[in-house]
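The values are calculated or read from the model by the stated rules, or taken from the named source; none is laboratory data. The structure displayed is predicted, hence computed values, not measured ones. A quick note on method: Cβ atoms are made from the backbone with ideal geometry, for glycine too, and the neighbour counts reach across all protein chains shown. Only protein heavy atoms, including side chains, enter the accessible area calculation; ligands, DNA and RNA are left aside. Shrake-Rupley method; radii C 1.70, N 1.55, O 1.52, S 1.80 Å.
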Amino acid sequence: MKKVTVSGKTVDEAIEQAIEKLGVTREQADIRIVEEAQKGFLGIIGVKPAVVEAAVKPDPLKEALTFLRETIDKMGVTVSISQEAKKDVVYFNIEGEEIGVLIGKRGQTLDSLQYLVNLVANKNSEHYVRIILDAEGYRERRKESLEKLALRLGDKAVRTGQEVKLEPMNAHERKIIHTTLQNVKGVATYSDGKEPNRRIVVTPK
């Protein structure tokens, strides 16, 4: 972290010099007042300047991206990562030849990386940052697959008159199942079990 210590006739003057040296705005710097300016005898002799310490605030997205690159590199996978902001979410899109290693079984490795990346991003952030990791469109493909699965099992529940239990899923994937079937006539859904083994149950009405 880049840090400077600067003195000036006043605190404001010292701060202005500090952010100029750092090359950032006032909002992008963490400022700590080390000493207030003090007037000496008769306001002249022994005058003490104000001293401030300033550091560049960490950029949560840069820190998260650096962490992700380093982690993937340690996994021995060569990828490229692009960044895209949509509303209040930032997407890190990963592309590479051995992308399956990063996705893992049912996206579990990708979900774990996403969890860690969000922890890093929000460690020093003043405002919550939400990051979603995607790997060559995996998230959309998985969503479409879950929607088809939900409709197929909803039909099975109606046809057999029996409950159908799905495999354990994370909260995001369970929400996709619930949403897909919420307006389908003749079926209802509920979640059963405790994390990480919580699953959807599709039941005929």
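Among the residues of region 22-36, are any surrounded by 13 or more Cβ atoms within 10 Å (Cβ to Cβ), at pLDDT 85 or above, among the aliphatic types (A, V, I, L, M) and assigned to a helix (DSSP H, G or I)? The answer is yes, given that some residue of region 22-36 is surrounded by 13 or more Cβ atoms within 10 Å (Cβ to Cβ), at pLDDT 85 or above, among the aliphatic types (A, V, I, L, M) and assigned to a helix (DSSP H, G or I). Across region 49-71, the qualifying residues are those that are among the acidic types (Asp, Glu) and at pLDDT 90 or above, and the one among them that is nearest to GLU84 (Cα to Cα) is GLU63. Screening ARG106 against (1) open to solvent by less than 60 Å² (accessible area, probe 1.4 Å); (2) on the phi > 0 side of the Ramachandran plot; (3) charged (D, E, K, R) leaves a single unmet condition, (1). Regarding region 39-60, can at least one residue be identified that is under 30 Å from MET169 (Cβ atoms) and either touching a Ser or Thr at 6+ places or on another chain (Cβ under 8 Å) or not hydroxyl-bearing (Ser, Thr, Tyr) (or both)? Yes: one or more hits. Return the residues of region 94-112 that are closer than 20 Å to SER145 by Cα and not aliphatic (A, V, I, L, M); say none if nothing qualifies. Passing the criteria: GLY100, GLY104, LYS105, ARG106, GLY107, GLN108, THR109, ASP111.
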